[in-house]
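Let me begin by presenting the structure, written as structure tokens, before commenting on it.
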Amino acid sequence: MLETALDLISLIPGHPIFVFFRLYRIIRIIRKYNLLWKIGIDGKFTSETHRFIYDTGFIYLFSVSILILIISSLLFAHFENYDLATALWWSITTATTVGYGDISPHTLGGKLVAAFLMIGGIGFIGLLTSTITDFFH
């Protein structure tokens, strides 16, 4: 049922937010028709990739990191009256500790969102980095 709903959403053109659903459709087509096997990219490459993504927990850390960025962006856009693209830019630069200083929170709600993002975002991005380096070590 979920795959059918995602397929339906992936067919909707237009708005850039639907690009993620179209990417899901491409991945599903590759998996369904075993395209990696047919072009000879199977075996060790796919097993190593699978081991990295699932066995190390990378997929879960990545998902939580993206969720923190999206929630922070939505809340920041609401409290600070920015558009979503600007709020997403702010959340990415804040979570990665770049923080250019071009956008900063002015309201109490925005400052609370920033504090949450600084603690949660930096923590999960640090975990992502350590997972990647531990895998290649």
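The values are calculated or read from the model by the stated rules, or taken from the named source; none is laboratory data. A quick note: this is a predicted structure, and the numbers were derived from the prediction, not measured. Only protein heavy atoms, including side chains, enter the accessible area calculation; ligands, DNA and RNA are left aside. Shrake-Rupley method; radii C 1.70, N 1.55, O 1.52, S 1.80 Å.
Of the heavy-atom accessible surface of region 56-121 (probe 1.4 angstrom), what whole percent is carbon and sulfur? Present the calculation step by step, with values, prior to reporting the outcome.
Working: 2830 of 3810 Å².
Using a 1.4 Å probe with all protein chains present, region 56-121 comes out at 74 percent carbon and sulfur.
Can you pull the accessible area of Tyr100 for me, 1.4 Å probe, Å² to the nearest 10?
Probe radius 1.4 Å; accessible area of Tyr100 about 150 Å².
What whole-number value in Å² describes the accessible area per residue of region 90-137 for a 1.4 Å probe? Walk me through the numbers before you get to the answer.
Numbers: 2920 Å² over 48 residues.
The answer is 61 Å² per residue.
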